[in-house]
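Notes for the one structure printed next.
Any read-out appearing in this document is the output of simple, stated calculations on the displayed coordinates, not a laboratory observation. Computed from a predicted structure; not experimentally measured. Every residue, glycine among them, receives a Cβ derived from its backbone with ideal geometry; neighbour counts consider all protein chains shown.
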Amino acid sequence: MRCAHSMPFGAEISAGGTRFALWAPVAIRVDVEIDGESPRPMERRDDGFHVLTVPNAAAGRRYAYRVDGRRVPDPASRFNPEGVEGPSEIVDPRTFDWHDEPWAGRPWHEAVLYELHVGAFTAEGTFAAAAERLPYLAELGVTAIELMPIADGPGERSWGYDAVLPYAIRPAYGRPPDLKSFVQAAHREGLMVLLDVVYNHFGPAGNYLPLYAPQFFTARHKTPWGDAIDFDGEASPVRAFFIHNALYWLEEYRFDGLRLDAVDAIFDDSEPDFLTELARTVERKITGRPVHLVLENASNEARRLERRGDGVPRTYVAQWNDDFHHAMHVPVTGETSGYYEDFDRPGERLLRCLVEGFAYQGERSRHLRVPRGEPSSHLPPDAFVNFLQNHDQVGNRAFGERLSMLAAPERLRTAETVLLLLPSPILLFMGEEFHAPSPFPYFCDFDGELADAVRDGRRSEFAHFFDGTDELARMPDPNDPRTFELARLDWAARTRGDHAQAAARYAELLAVRRAELMPRLPAGRARGRLLRDRAVEVSWPLADGSTLTLVANLQDRAVGIDAWPRGDTLAATARFDESRPEVPQWFSAWFIERRRGPRDAEYRRDHMEERRR
């Protein structure tokens, strides 16, 4: 099976050669230069595109554009082997032969996501090395890999959110066939693969679009990175550039979904807006297998997660639920500064997350000083991706500490037990399962004044958190290669001491999830109550008629309970006496009241048969 996505821009191989197309509406002249040969003038069309078909331009040859005499890479390059400032390479996607035709995807309610950074996940930092760890992740109980952004940006090291070539993979990770081999290997292990994409800005270095296509940006809207991308302007190639990008990853690389970064920084007053058009186009174009589109959206726009009458998402399947993270983080760590000040009543906030999805559904945020969110209680649990850690919540700390470095063991066990059996999609951050001793500090690879600005900006951002200058001086310099080395996972730690115990506990709980919970999903909307302060009891109806119940107490004192939930105990952080109407301190337990009768076994058998198919 050969997979390719046809684009109206970039370098497209056809029977007649390679057609080059660059949207450069303000350029007077554009040439294409192939392998250092004499520049060839391109035809300027009325729509602002400059095009040329070159008969002998075969795959593997390198090219660049000269825009009014200035050499620039192709913004739609499939690969830039020498980095973003170097020439682009002509790539023929049809040379890769896919052998994963039996792969039909997985339903979203089965998602146990594992977020990883390709460069820091292994010592080699490549797709090939990451593929060697896929059997371990499948055995652990992971069902979906979520790759942090892999698009090419300046330098050798990056989180990926500073990309300027959204179609080109970072060469340090491998070539296009290496990524395809990774996705194919994941599918063989029964793993979905989602990709984190950034459509809200371009990186601060190596972006030449303002030179020849200033219509890409608008001063009408501002983002933390400067002028916003002009999605609601009259230049349709702007929208097309990003919609094609989504289709490119899904069709050409057979990704199972995308996670759209910080869509609250995408401004669009048109109808339909960009995010709606993107989702509708993906649904129309990608058929025959499920494709899952996930949002990061600080605005908590529940309307983007709406379901149809049959339960199918209208546009986006889920959102990363920062509210759940914050409601758990405050009691577990005791931290209350920054955006955590909005979670001064974490028990109430947590209860609302578990029962209704978002903790903030239009209430005024004390931290932001504006209302935040929309009503979400009508949405199902699988509209929310819950987590205790991710790249942001770890890496945006001054020193990149993981939760296992911040919380007492009994608090951490309580929180982890809550997370791992939630009847909603959950996300783990790489190494979380064995309490990796490596931090995940912010790292990048800029030069000169930009490097100084990033380092000084980070220190200024955290200055008010520290009493003196010693801590600021100790903050890792994002541009120092040693900062990146700090972030690499220490896989040897997984078999040692406390790390091995944590790994065993995660494996045990995920095994319970796979055996007892996954066959009974999706869950219906929950009901719950606050027992006292930071203790909750929440129950979910499951698809087979069973009832799943959580009892959790996130505080330093026991609390009373009228009666323990009925059914069998699936997991508990410690032994407890069911004859005593009291929930111990820092305790969480899961209970299931199974539907009794012959159809229970029938339901489980049918589910497993469906999974085998």
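Can you put S337, S77, S438 in order, fewest other beta carbons within 10 Å first? All intermediate terms of the calculation are to be shown ahead of the outcome.
Details: S337 9, S77 25, S438 18.
Sorted ascending by nearby Cβ count, the order is S337, S438, S77.
If I fit a long axis through the Cα atoms of helix 346-356 and take the longest principal axis of the Cα atoms of the chain, what angle between them do I get, 0 to 90°, rounded to 10?
Taking Cα atoms only, the helix is inclined about 70 degrees.
Apply the Karplus curve 6.51 cos²θ - 1.76 cosθ + 1.60, θ = phi - 60°, to the phi angles in the stretch 289-305 and return the couplings in whole Hz, x for Gly and Pro.
Karplus-based 3J(HN,Hα) across the stretch 289-305 equals 7, x, 10, 10, 9, 10, 10, 9, 8, 5, 7, 6, 7, 4, 4, 7, 10 Hz.
Taking a temperature of 20 °C and a viscosity of 1.002 mPa s, what whole-number D in µm²/s does Stokes-Einstein yield for the chain with Rh from Kirkwood over alpha carbon pairs? List each step's numbers first, then the result.
Working: Rh = 25.6 Å.
Estimated via Stokes-Einstein, D reaches 84 µm²/s.
What share of Cα pairs, in percent, lie more than 14 angstrom apart in the stretch 147-199?
On the way: 733 of 1378 pairs.
Tail of the P(r) past 14 Å holds 53 percent of the pairs.
Using +1 at the C-beta of Lys and Arg and -1 at the C-beta of Asp and Glu, which of S77, H109, T95 has the Cα lying farthest in the positive direction of the dipole of the stretch 75-139?
Sorting the options by dipole projection puts first H109.
If amide hydrogens are placed 1.01 Å from N in the peptide plane, which non-local residues have theirs closer than 5 Å to the one on A571?
Counting only residues 5 or more places away or on other chains, the set is W590.
For the stretch 10-95, how big is the tail of P(r) above 18 Å, as a whole percent of Cα pairs?
35 percent
Rounded to two decimals, what is the ratio between the C-alpha radius of gyration of the stretch 39-146 and 2.2 N^0.38 Å?
On the way: Rg = 20.1 Å, N = 108, 2.2 N^0.38 = 13.0 Å.
So the stretch 39-146 has a normalised radius of gyration of 1.54.
By how many degrees, 0 to 90 and rounded to 10, does the Cα axis of helix 598-612 deviate from the longest principal axis of the chain?
Its long axis makes an angle of about 20 degrees.
What's the exposure ranking of Y316, Y208, going from fewest to most Cβ atoms within 10 Å? Spell out each step's value before the answer.
Working: Y316 24, Y208 19.
Listed from fewest to most nearby Cβ atoms, that is Y208, Y316.
Amide H neighbours of F79 under 5 Å, at least 5 residues apart or on other chains, H built in the peptide plane: list them.
E89
Between 0 and 90 degrees, rounded to the nearest ten: what's the tilt of helix 176-188 against the longest Cα principal axis of the chain?
Tilt of helix 176-188: around 30 degrees.
Applying a 10 Å radius around every beta-carbon, put 397-407, 246-256 in order of their mean neighbour count, most first. Show your work: numbers first, answer last.
Values: 397-407: 18.6, 246-256: 22.2.
Those peptides, ordered most packed to least, come out 246-256, 397-407.
Tell me, in nm to one decimal, what length is gained between E124 and S365 on full extension, where the rule is 0.36 nm per residue of separation less the Cα-Cα distance?
Working: separation 241, 0.36 × 241 = 86.76 nm, distance 4.31 nm.
Taking E124 through S365 to full extension adds about 82.5 nm, to one decimal.
With θ set to phi - 60°, apply the Karplus curve 6.51 cos²θ - 1.76 cosθ + 1.60 along the stretch 53-69 and write out the HN-Hα couplings as whole Hz, x wherever there is a Gly or Pro.
Taking θ as phi minus 60°, the curve returns 9, 10, x, 9, 8, 9, 4, x, 6, 10, 8, 8, 9, 10, 9, 6, x Hz for the stretch 53-69.
Once you put a point 7 Å from the Cα of A515 and another 7 Å from the Cα of S337, both along the Cβ direction, what distance in nm separates them?
The two pseudo-label positions are separated by 4.5 nm.
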